[in-house]
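For reference, the structure is listed below as structure tokens.
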Amino acid sequence: MKNLFLFLTLILSTQLKAETKLSAEMVIDDLQFQRPVKGVGRAGTLIFKSANVNNNGIILNLTNVNKFFDSQIFLRPTFLGFTTQFGNYGFTLEENNMLTSIQTMQLQNSNFILDDNQLNLSGEHLKFVNADTDVMLKKFRLYCQSSVNADLVTSCLNYLTLNGTNTAENVYATLDYKGVNLKTGDKTALLAKVKTVDIRKTNLSMTMANLKSVSNDSYIISADTVNLKCAKDPSLTTFDTDKLTKDCLNNLKIAPLKASLVDNVAKSTFNLDVKDIAVEKKIVYLALNSGTLSDAVSTTFISDMLLNCRKETDTDLLELNQVIKDCITYTRINIGEVKSTKPDDNKGSSIKKIAVNSDGGKMLIQADVKIIGFTSRVSIYAMGAFNDTTGKLTLTVTDTKLPLGFTSVKLLMYFLKKNLISKDVTYQNNNIIISL
């Protein structure tokens with residue numbers, strides 16, 4: 001996003017000094033930018049209907065009649081130039097400017113305003129590509145409010161709104177994002193209708209609809225509506241995506257959410273009805289109305305779950321393995337019921353009133369389990385260990401409390417095998433192994 005803001009500024013006033021005063025308003029028909037292979041040469045075209053520019057008191061008002069000011073863009077390492085029938089003009093660039101990282105950019109049927117108070121860009125189509133990012137916006141408006149004694153990027157980091165108000169009838173902007181981690185090769189794609197994305201001095205919020213996220217062409221998350229609000233560092237002056245993400249995931253709140261998670265590798269689907277998700281003071285809070293995990297072997301139903309779980313500051317909330325490691329050090333979970341069925345057993349089995357407490361790997365698990373025809377309270381004492389290489393959580397049972405005074409671990413394992421059905425849960429001696 002930072003490259004987008006700076007590119008638009010560069011078109012009119014590349015690398016302005018602090019004392020430079022600039023205001024501009026353009027109606028752009030089409031902008032096509034293609035960075036030359038060696039960084040020198042033709043770099044695309046700029047076609048506009050009109051342009052009003054005030055640069056340090058030098059006022060230029062242009063109406064592009066008969067394509068008289070259609071421009072060819074020319075780029076050198078420290079110069080951005082435009083060639084027209086009228087003549088040539090250009091701007092000096094600093095070394096290692098942001099244009100060096102932009103591969104292509106397209107902007108169509110757009111209005112652009114830049115002055116002391118704002119950056120305001122609206123349009124029908126914007127596409128931006130660099131080495132690791134491919135972003136497309138349709139029917140959008142991007143607005144930044146200028147701050148006193150602050151550059152454009154800092155201003156946008158304190159007051160930015162992205163929405164779909166290109167026209168009065170258009171509520172949503174369309175966002176199509178594709179990214180790749182150049183170090184790991186991991187791929188991410190996101191398609192959504194954006195009602196609003198707001199960045200303010202101390203927080204970031206967004207409301208999206210019809211969201212679909214795909215990771216490595218294998219893991220798919222879909223949601224009808226997403227409402228999120230999280231914290232932002234007020235001193236941030238650069239578009240540091242890693243820091244923005246980290247700060248957000250350490251202090252956030254997500255409103256009611258219905259989502260579907262499809263794992264094409266494990267051939268499973270997880271449907272979730274989430275009441276609330278929050279992260280605050282190194283604790284993750286999750287309230288789940290219901291969830292259904294289905295695969296070829298079984299279907300597991302979860303209802304009425306409340307979870308409090310440890311989250312260290314450096315833990316990525318989107319990385320399950322990291323989250324599980326933290327949760328073992330501190331967890332409080334209450335689940336109304338877990339019920340499992342097999343394709344050939346519609347009656348299934350059920351475990352109710354589950355409570356899990358974990359401190360430093362020492363775990364106490366309690367639940368109501370049907371044993372010998374009647375339901376009884378069972379307590380399991382175990383040590384938890386997670387292998388982030390294999391993605392397996394191992395619970396080593398050390399003691400039990402069963403009905404009628406029984407304390408047999410073997411008897412417990414027998415009843416668990418009968419009542420907890422899932423291809424992701426296996427049993428070895430006194431070990432319960434859960435594949436995540």
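The values are calculated or read from the model by the stated rules, or taken from the named source; none is laboratory data. Computed from a predicted model, the values in this text were never measured in an experiment. Cβ coordinates were reconstructed from backbone atoms using ideal geometry, including for glycine residues, and neighbour counts include every protein chain displayed. The protein model used for the area step is the full one, side chains on, heavy atoms only, and it has no ligands, DNA or RNA in it. Shrake-Rupley method; radii C 1.70, N 1.55, O 1.52, S 1.80 Å.
Observations
- Selection from F301, N251, F91 lying farthest towards where the dipole of the chain points positive, charges on Cβ: F301
- Converting phi to 3J(HN,Hα) with the Karplus coefficients 6.51, -1.76 and 1.60 and the offset θ = phi - 60°, the stretch 182-188 yields 5, 7, 9, x, 5, 10, 9 Hz in sequence order, with x at every glycine or proline.
- Residues whose placed amide H lies under 5 Å from that of N203, excluding near-sequence neighbours: K232
- Karplus-derived 3J(HN,Hα), 6.51/-1.76/1.60, for each residue of the stretch 66-75, Hz, glycine and proline x: 6, 6, 4, 10, 4, 10, 8, 8, 10, 10
- Lys, Arg +1 and Asp, Glu -1 on Cβ, resulting dipole of the stretch 267-392 about Cα centre, debye, nearest 20: 460 debye
- Of all segments of the chain bounded by GluC sites (Glu not before Pro) found in a DSSP loop with no more than 16 other C-beta atoms within 10 Å, the longest spans 170-311.
- Take every pair of alpha-carbon atoms less than 8 Å apart whose residues are at least six positions apart; their mean separation over the length of the stretch 250-303 yields a relative contact order of 31 percent.
- Each of V180, T207, N163 was placed along the dipole of the stretch 146-213 (beta-carbon charges, centred on the mean Cα), and the one lying farthest toward the positive end is V180.
- Read-out Cα extents along the principal axes in Å, derived from the coordinates shown; its label in [x] 69, 64, 39; [y] 60, 53, 43; [z] 96, 42, 42: [z]
- Note on the stretch 40-164: with charges restricted to the Cβ of Lys and Arg (+1) and Asp and Glu (-1), its dipole about the Cα centre is near 480 debye.
- Note that the stretch 78-204, at 4 °C in a medium of 1.567 mPa s, gets a Stokes-Einstein diffusion coefficient of 78 µm²/s from its Kirkwood radius over C-alpha pairs.
- Under a Gaussian network description of the chain, with springs only between Cα atoms under 10 Å, the residue in A255, A43, A296 that fluctuates furthest is A296.
- Built amide H within the under 5 Å cut-off of N251, gap 5+: A231
- Each residue of the stretch 41-55 was assigned a 3J(HN,Hα) from its phi angle through the Karplus expression (A = 6.51, B = -1.76, C = 1.60, θ = phi - 60°), giving x, 5, 10, x, 9, 10, 10, 9, 7, 8, 8, 10, 10, 10, 10 Hz with x at Gly and Pro.
- Within the stretch 179-224, the trypsin sites (Lys or Arg not before Pro) that combine a DSSP coil assignment with at most 13 other C-beta atoms in a 10 angstrom radius are K183, K201.
- Size of charge dipole - the chain - debye, nearest 20, with Cβ of Lys, Arg +1 and Asp, Glu -1, no other charges: 1160 debye
- Unit charges at the beta carbon, dipole of the chain: most positive-side option, I113, P36, T154: T154
- Only Cα pairs under 8 Å and 6+ residues apart enter the sum, and on that basis the relative contact order of the stretch 144-231 stands at 22 percent.
- For the chain, the 222 nm mean residue ellipticity estimated from helices alone, with every DSSP H stretch of n ≥ 4 adding -39500 (n - 2.57) and the total spread over all residues, rounds to -3500 deg cm²/dmol.
- The stretch 81-139, accessible area per residue, ligands and nucleic acids excluded (1.4 Å, Å²): 48 Å²
- Considering only D242, D116, D30, the Gaussian network model of the chain with Cα springs below 10 Å gives its largest mean-square fluctuation to D242.
- Mean separation of Cα contacts under 8 Å (6+ apart) over length of the chain, as relative contact order %: 7 percent
- Put simply, the amide H of F74, placed in the peptide plane, has neighbours under 5 Å in A43, G81, F82, T83, leaving out anything fewer than 5 places away on its chain.
- The accessible surface of the stretch 18-97, taken with every protein chain in place and a 1.4 Å probe, is 53 percent carbon and sulfur.
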